[in-house]
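Reading through the structure tokens given below for one structure.
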Amino acid sequence: MSFASAEIDRHTHFKATDDKEKTHQIFAARVRVRRKAALLAILACAALPGMATAAGKADDIKRGRYLVQTSGCNDCHTPGYVQNNGKVDEKLWLTGDKLGWAGPWGTTYPTNLRLLMAGMSEKQWLTHAKTMEPRPPMPWFNVRAMTDGDLKAIYAYTRSLGPGGEPSPAHLPPGQKAQGPVVRFPE
């Protein structure tokens, strides 16, 4: 028995007085069942792009995590990452650091990227990544060399972590002494 026949048998109560009327009622019931089936097919097809988007987003997050881990982002932007040989709880990744980097430019601190990106759209992040020129030692030229796909993946991963941590300390001009630990570059 087909789905349509089973549906008709279950939901159709014939009150026909003759065969012609019964045939008409069966035909009308089959049309209703086919319409329902067509509607379900349309709804299923409409859901597929969303499912593909969700799968694509999961792939972007996974790729972004890989890029963050292998491109050195955590080396500066995650507290204790280098000192602990990369064994830092992921909930701390990209939250910035209070370890300063001192040189002729003054003292800079790694930005809390999770807070930064929490306030940006993907388009804003791409523009920022392609135009920024922060103070040393941030290798902004390496970020600019990344593809839009790489940058979008890093954005997706960072946003998936949610905002976390506190804002990094502000830049200190040359000659002003940092309060906490610093890595000193030659003058």
Violations at 24 Å Cα threshold for listed pairs Lys98/Lys123; Lys98/Lys177; Lys87/Lys130 -> Lys98/Lys123; Lys87/Lys130
Using +1 on the beta carbon of Lys and Arg, -1 on that of Asp and Glu, and nothing else charged, what's the dipole of region 71-184 about the Cα centre, debye to 20? 180 debye
Round to the nearest 0.05 the FRET efficiency obtained for Ala170 and Gln69 when R0 = 45 Å and r is the Cβ-Cβ distance. 0.95
Label-point separation in nm, Gln179 to Lys130, each point 7 Å along Cα→Cβ: 3.9 nm
Which of Ile61, Ile154 comes first, and how do the rest follow, when ranked by fewest Cβ neighbours within 10 Å? Ile61, Ile154
If we sort 116-122, 71-77 on the protection proxy, mean other Cβ atoms within 10 Å, highest first, what's the order? 71-77, 116-122
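Every read-out reported here was derived from the displayed coordinates using simple, explicitly stated rules and does not represent laboratory data. All figures in this text were calculated on a predicted structure; none of them were measured in a lab. Cβ coordinates were reconstructed from backbone atoms using ideal geometry, including for glycine residues, and neighbour counts include every protein chain displayed.
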